[in-house]
Amino acid sequence: MGELSITGWMMTAAQKPLEKRALPAKPPAAGEALVEVAGCGLCHTDISFLLLGVKTRAELPLVLGHEVSGHVRAVGDGVAGELVGKPVVVPAVLPCGTCDACRAGLRTICKRQIMPGNDRHGGFATHLTVPAKYLCPVPASALATHELWQLSVVADAVSTPFMAVRRAGVAKGDVAVVIGAGGIGIHCVQIAAASGARVIAVDVDAAKLEQAKSFGAAAVVSAAGVSEKDLRGAVTSEVKKLGGPSFAWKIFETSGTRPGQATAFSLVNHGAYMAVVGFTMDKLELRVSNLMAFDATMRGNWGCDPELYPEILDWVGAGRLQVSPLVERHRLDEINEVIEAAHHGKLKARAVLVP
Ligand SMILES: [Zn+2]
Ligand SMILES: [Zn+2]
């Protein structure tokens, strides 16, 4: 470890550009692993920390970034040595695996969970240190069709909607309505379609709707300038055309916007399941009793259970999910420019920062 030098781009204060700094290079502690970063995806959450007033759990200065793939370079006591040298995806939320919640199978609500770039230094760096228990080795099938940096987005942009779709119990013949076909929503579209659902994508952006069609959406509905009532009518008419049921829709709110959430809730029908996947600080007035009257369910998910990651990477390896057309590579040294561009909606794909 003697010559190892670690460089990270740190958030020092809200609204300030990230600063490139040298970090102490320590051997990993017991149960931990040092990962050399191949790529770290830029998430809306990073932008929320830096520019939108959301607080990180660890104090500043902090290296952001929680969507990481890379190679394990060293492990601490109690971690299998075979992990060294392996390509891995680092789940965005790493539970402890031993507390009461974890032992009850409720790993996503583990109170001792570690989220890189929130609880400790994250992936906008040459290396990061993380708990080793849930690192997910990347199968050869996925590496045959993808470069390792591209698979970084599996850590959040792919896995979080995967968890939502799995929890919603999406099955063949279901109607799935995905609100927002952006960085998270486009994956939700393809995961729901690959699960056998008739998927209807809703967005205000015509280009995103066009893209959703090529990722498995059976129909698309533009929300641009459309009233809530008309939008509901348009979705209902598409469902009819597809021969889908008029009840028990699976609705996925992935836009993380107040209008998106209002739209999603307005689509809740008898037996519906509404998944809250996107995040916003904005508030919305709702008639919550609709859930009672319609015998409907609304549920959120905080990240993804790491036990689902091997299956997700198998889907990628088998070509059931596409990742490479939805990412673009940027140099880590250009991170401040990339954040600006992403914040102003100027990027066509999810940015992955490569050291
Ligand atoms: Zn994220
Ligand atoms: Zn735990």
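The values are calculated or read from the model by the stated rules, or taken from the named source; none is laboratory data. All values derive from a computational prediction rather than experimental measurement. FYI the Cβ positions are ideal-geometry reconstructions off the backbone, even for glycines, and counts take in every protein chain you see. Heads up: the accessible areas ignore ligands, DNA and RNA and are worked out on the full protein's heavy atoms, side chains in. Shrake-Rupley method; radii C 1.70, N 1.55, O 1.52, S 1.80 Å.
In the stretch 89-112, which residues are within 21 Å of G70 (Cβ to Cβ) and within 16 Å of ligand 1 (Cβ to nearest atom)?
Selection gives V89, V90, P91, A92, V93, L94.
Pull out all pairs, ordered by first then second residue, where Cβ-Cβ is under 9 Å, the residues are six or more apart or on different chains, the first lies in the stretch 267-293 and is without any contact (Cβ under 8 Å) to a residue 24 or more places away in the chain, and the second is open to solvent by 30 Å² or more (accessible area, probe 1.4 Å) and among the acidic types (D, E).
From the stretch 267-293, no pairs qualify.
Hey, among the residues in the stretch 149-176 that are touching a Lys or Arg at 6+ places or on another chain (Cβ under 7 Å) and among the aliphatic types (A, V, I, L, M), which one's farthest from ligand 1 (Cβ to nearest atom)?
Only one residue tops the list, namely V175.
Scan the stretch 115-125 and tell me whether some residue there is over 18 Å from the mean Cα position of the chain (by Cα), within 25 Å of S5 (Cβ to Cβ), among the charged types (D, E, K, R) and within 16 Å of ligand 1 (Cβ to nearest atom).
Yes - at least one qualifying residue is present in the stretch 115-125.
Among the residues of the stretch 42-62, is there at least one that is under 21 Å from the mean Cα position of the chain (by Cα), farther than 25 Å from P161 by Cα and either in contact (Cβ under 8 Å) with a residue 24 or more places away in the chain or open to solvent by 60 Å² or more (accessible area, probe 1.4 Å) (or both)?
Checked the stretch 42-62: at least one residue is under 21 Å from the mean Cα position of the chain (by Cα), farther than 25 Å from P161 by Cα and either in contact (Cβ under 8 Å) with a residue 24 or more places away in the chain or open to solvent by 60 Å² or more (accessible area, probe 1.4 Å) (or both).
Out of the stretch 16-61, which residues are over 24 Å from P95 (Cβ atoms) and part of a helix (DSSP H, G or I)?
If the condition is that a residue be over 24 Å from P95 (Cβ atoms) and part of a helix (DSSP H, G or I), then I47, L50, L51 are the ones that fit.
So, in the stretch 155-183, how many residues would count as being over 18 Å from E210 (Cβ atoms) and touching a Gly at 6+ places or on another chain (Cβ under 9 Å)?
14
From the set of residues in the stretch 128-177 that are assigned to a strand (DSSP E or B) and not hydrophobic (A, V, I, L, M, F, W, C), which is farthest from G244 (Cα to Cα)?
Per the criteria, the residue is T129.
Of the residues in the stretch 63-106, how many are within 16 Å of ligand 2 (Cβ to nearest atom) and either of a type in the set (V, I, T) or open to solvent by 40 Å² or more (accessible area, probe 1.4 Å) (or both)?
Total meeting the criteria: 6.
In the stretch 227-258, how many residues are open to solvent by 60 Å² or more (accessible area, probe 1.4 Å) and out of contact with any Gly (no Cβ under 8 Å at 6 or more places or on another chain)?
Qualifying residue count, the stretch 227-258: 8.
Looking only at the stretch 113-126, count every residue that is open to solvent by 20 Å² or more (accessible area, probe 1.4 Å) and either in contact (Cβ under 8 Å) with a residue 24 or more places away in the chain or over 17 Å from N301 (Cα atoms) (or both) and tell me the total.
Qualifying residue count, the stretch 113-126: 4.
Taking the stretch 23-42 as the search range and keeping residues that are hydrophobic (A, V, I, L, M, F, W, C) and at pLDDT below 95, which one is farthest from ligand 2 (Cβ to nearest atom)?
The extreme case among them is A25.
Quickly run through the stretch 298-329 and pick out the residues that are more than 19 Å from V89 (Cβ to Cβ) and buried (at least 17 other Cβ atoms within 10 Å of the Cβ).
Result: M298, single match.
With the structure loaded, tell me whether S69 is within 16 Å of ligand 1 (Cβ to nearest atom), among the polar types (S, T, N, Q), within 24 Å of V338 (Cβ to Cβ) and at pLDDT below 95 or whether it fails that test.
No; evaluated as a whole, the condition is false for this residue.
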